[in-house]
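Asker: Submitted below is the structure of interest, expressed as structure tokens.
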Amino acid sequence: MDGSFSLVLLLLFLWCLCSRRMERFELTAPAAFVLMGLLLGAGTGALDLSLGHETVKVLAEVTLVLVLFIDAARLSYRALRHELGLCARLLGIGLPLCAGLGTLLAHALLPGVTWWSALYVGAALAPTDAALGATMMVNPEVPARIRRVINVESGLNDGIVTPLVVIALAGVSATEGAAAPGAPGHAVLELLVGTAYGTALGLAAGWLLRTALRSGWAAEDFAGAGVLALALLCYVSALAIGGNGFVAAFVAGLAFGTAHGAPPRVLLYVEQSGALLSVLVWLVLGALLLPDVFAHTTWQAVGYAVLSLTVIRMVPVALSLVGSGLDARTVLFVGWFGPRGLASVVFGLLAVEELKAPDARTVVPVVGCTVLLSVLAHGLTSAPLATRYGRAMAAAGPGPAGPEPAELPVRAMAAGGLHGRRRRIGGGR
């Protein structure tokens with residue numbers, strides 16, 4: 001185990017050394033570490049990640065907590081206000097339609113899947129991950145407005161669907177007798193408690209930190225570590241009072257960003273910490289989850305994965321953007337760039353730990369197959385489609401002038417390795 005741990009650390013350091021060079025080959029960190037996990041783990045046996053169930057569960061939970069908190073905290077109202085209408089359409093109409101259509105098709109196509117299991121699949125594969133399309137997100141040829149909308153959608157949809165995933169897992173466990181029959185109702189109560197608690201804690205913490213920094217009581221150099229502790233505190237303390245820790249972390253991030261303004265220098269430390277854990281999750285996906293996925297994947301799972309990346313994503317997006325003023329080319333572009341990434345992987349790992357083996361082997365291969373297909377498809381098409389779309393939009397004429405956009409970083413370690421570089425996606429170089 002010590003040798004495998006040393007190999008993981010070596011891989012992280014080597015990626016740090018060559019991450020900028022890998023950008024030229026359109027190789028993102030998620031794709032690289034999935035492939036390394038698959039080749040070194042299942043392929044050669046050089047990487048032996050004999051992790052216990054509790055270790056995998058803790059890794060998945062902590063990663064999801066940090067991702068939910070930081071994605072919500074960095075998307076304050078100031079960052080959202082210019083595209084609030086489009087974001088509301090995608091998140092308020094497109095996201096529920098995507099989860100609903102995914103649920104219906106999962107129940108119809110996947111053999112032996114109950115409605116609770118179908119809801120889990122539909123919800124777990126509804127959130128998107130802009131990091132898998134990072135080449136597109138930093139391409140100045142793509143209109144700034146479209147990049148911001150895709151980034152904001154990616155930052156918020158994982159937190160919004162988390163309650164559905166939690167309720168669905170509780171329903172599956174109750175159906176199979178692994179939990180009490182009232183588990184879904186109890187899960188709803190936990191969500192309500194987590195929402196209220198996260199809101200109060202996030203607002204209070206944001207106000208306290210802003211006041212402490214302005215008055216000179218707090219050292220800015222240590223503020224990042226304090227916010228990291230706050231994100232984990234939201235989760236742990238919410239569980240202690242009977243609330244849902246994931247929802248508490250997400251809502252607290254929104255409240256904290258609103259109360260504090262979420263300056264990059266404070267959030268960068270948390271973002272980099274979450275990025276480090278996320279790349280370990282991608283490695284675990286390649287080394288542990290994908291071999292099991294391949295062993296239990298059926299043609300129905302592959303077919304559903306293709307539908308998830310096309311029809312299940314693109315039709316709801318098109319319906320939600322009717323009347324928005326966007327042309328058909330832009331609607332198709334936004335619909336295609338809905339990669340399934342880190343949130344879906346973590347939801348898959350949670351299902352492995354929460355469900356009995358037969359239940360997990362029914363739904364987890366679908367999630368794993370969809371994410372793997374997304375890593376390949378969106379990784380290969382990100383640069384050429386972005387360039388083609390950007391040039392087509394430029395030839396069609398300039399859009400309406402707007403204010404200089406707020407800086408919204410693409411989630412760290414998408415293509416830039418461990419340096420945590422924050423890129424402006426809003427326009428100019």
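Asker: When the chain is fully extended, how far beyond the present Cα-Cα distance does L189 get from A225, taking 0.36 nm per residue of separation?
Answerer: Working: separation 36, 0.36 × 36 = 12.96 nm, distance 3.13 nm.
Going from the current span to full extension adds 9.8 nm.
Asker: Which log10 I(q)/I(0) values does the range 84-208 give at q = 0.13, 0.17 Å⁻¹ under the Debye formula, counting every alpha carbon as one identical point scatterer?
Answerer: Log-scaled intensity ratios, in q order: -0.69, -0.99.
Asker: What full-extension length gain, to one decimal in nm, is calculated for T310 and L9 as 0.36 nm per residue of separation minus the Cα-Cα distance? Each step should come with its number before you reach the end.
Answerer: Details: separation 301, 0.36 × 301 = 108.36 nm, distance 3.66 nm.
So the chain would gain 104.7 nm between T310 and L9.
Asker: How far apart, in nm, are two points set 7 Å out from the Cα along the Cα-to-Cβ line at A394 and at R361?
Answerer: Between A394 and R361, the label points sit 5.3 nm apart.
Asker: Follow-up question, since we're still on this one. Quick check: convex hull over the Cα atoms of the range 84-145, volume per residue in Å³, rounded to an integer? Could the numbers behind the result be given before it?
Answerer: Values: hull volume 6.1 nm³, N = 62.
So the per-residue Cα hull volume is 99 Å³.
Asker: At 0.890 mPa s and 25 °C, plugging the Kirkwood radius over alpha-carbon pairs of the range 227-355 into Stokes-Einstein gives what diffusion coefficient in µm²/s?
Answerer: Details: Rh = 18.0 Å.
Result for D is 136 µm²/s.
Asker: Additional query: With the contact rule set at Cα under 8 Å and sequence spacing of 6 or more, what percent relative contact order holds for the range 213-330?
Answerer: Taking the mean separation of contacting Cα pairs over the length of the range 213-330, I get 21 percent.
Asker: Separation between the T298 and T387 pseudo-spin-labels, each 7 Å from Cα along Cα→Cβ, expressed in nm?
Answerer: Going by the 7 Å Cα→Cβ label model, 4.2 nm.
Asker: Next up: As a footprinting exposure proxy, order C18, C234, C87 by other Cβ within 10 Å, with the fewest listed first. Display every interim value, and only then the final one.
Answerer: Values: C18 12, C234 31, C87 22.
Ordered by Cβ neighbours within 10 Å, fewest first: C18, C87, C234.
Asker: What are the semi-axes of the equivalent ellipsoid for the range 188-265, taken as the square roots of 5 times the Cα gyration tensor eigenvalues, largest first, in whole Å?
Answerer: Values: eigenvalues 116, 25, 17 Å².
Rounded to whole Å, the semi-axes are 24, 11, 9.
Here, each number is a calculation from the coordinates, and none is a lab measurement. Values in this document were obtained by computation on a predicted structure and should not be read as measured data. Glycine also receives a Cβ, built like all others from the backbone with ideal geometry; neighbour counts cover every protein chain displayed.
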